[in-house]
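Data block below; observations after.
The values are calculated or read from the model by the stated rules, or taken from the named source; none is laboratory data. Because the structure is a prediction, the values reported are computed rather than measured. Using ideal geometry, Cβ is built from the backbone for each residue, glycine included, and neighbour counts are taken over all protein chains shown.
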Amino acid sequence: MAITSNTINVVAIPTEGNEWAKSMYTLSAADEEEIIAGESGKSHYLKKLMIRCATTTTISIGSGSDGTMTTLHLGPIPVNAASGCFTISFGEKGMKCNSGLALVIITTDAAPIMIYAEGKTCLG
């Protein structure tokens, strides 16, 4: 069996920074969608993520820019209407995205999805 490791860095979140929460919906997520845009010199720390999908697709979450995911952090995750929600919480820590890049989601098929995400953006 061959298993591929994703690049994931779950760490303590710095105390200084801006907290955010995003609730989004699209009838046809396709290719890459930004959850939160990148900020120069700053990193996003994802604390909670919930995704609900109405049809079958495969979802990947990572860091990226300009329509391209450069680093895969979570996934690929197969989802469908029967599977319910994909939910992950990192407790008091956060999944650190690459500095200066957006937190993005990619779907393999056009699909109606709802995304709820919480995090913090900090220097570094």
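Restricting to region 47-104, name every residue that is aromatic (Phe, Trp, Tyr) and farther than 19 Å from Glu19 by Cα.
Pass one, region 47-104, residues aromatic (Phe, Trp, Tyr): 86, 90.
Across region 47-104, the qualifying residue is only Phe86.
At least 3 residues that are surrounded by fewer than 21 Cβ atoms within 10 Å (Cβ to Cβ) and modelled with pLDDT of 95 or more in each: list the strands (runs of 3 or more DSSP E) lying fully within region 83-124 that qualify. Break it down stepwise before answering.
Numbers: elements: 85-89, 93-96, 102-123.
Fully inside region 83-124 and qualifying: 102-123.
Among residues belonging to region 57-82 that are of a type in the set (Gly, Ala, Ser) and farther than 16 Å from Tyr25 by Cα, point out the one that is surrounded by the most Cβ atoms within 10 Å (Cβ to Cβ).
In the first step, residues of region 57-82 are kept if they are of a type in the set (Gly, Ala, Ser); the result is 60, 62-65, 67, 75, 81-82.
Checking which are farther than 16 Å from Tyr25 by Cα leaves us with 60, 62-65, 67, 75, 82.
Working: Ser60: 18, Gly62: 25, Ser63: 23, Gly64: 22, Ser65: 16, Gly67: 11, Gly75: 17, Ala82: 6.
Among those that are of a type in the set (Gly, Ala, Ser) and farther than 16 Å from Tyr25 by Cα, it is Gly62.
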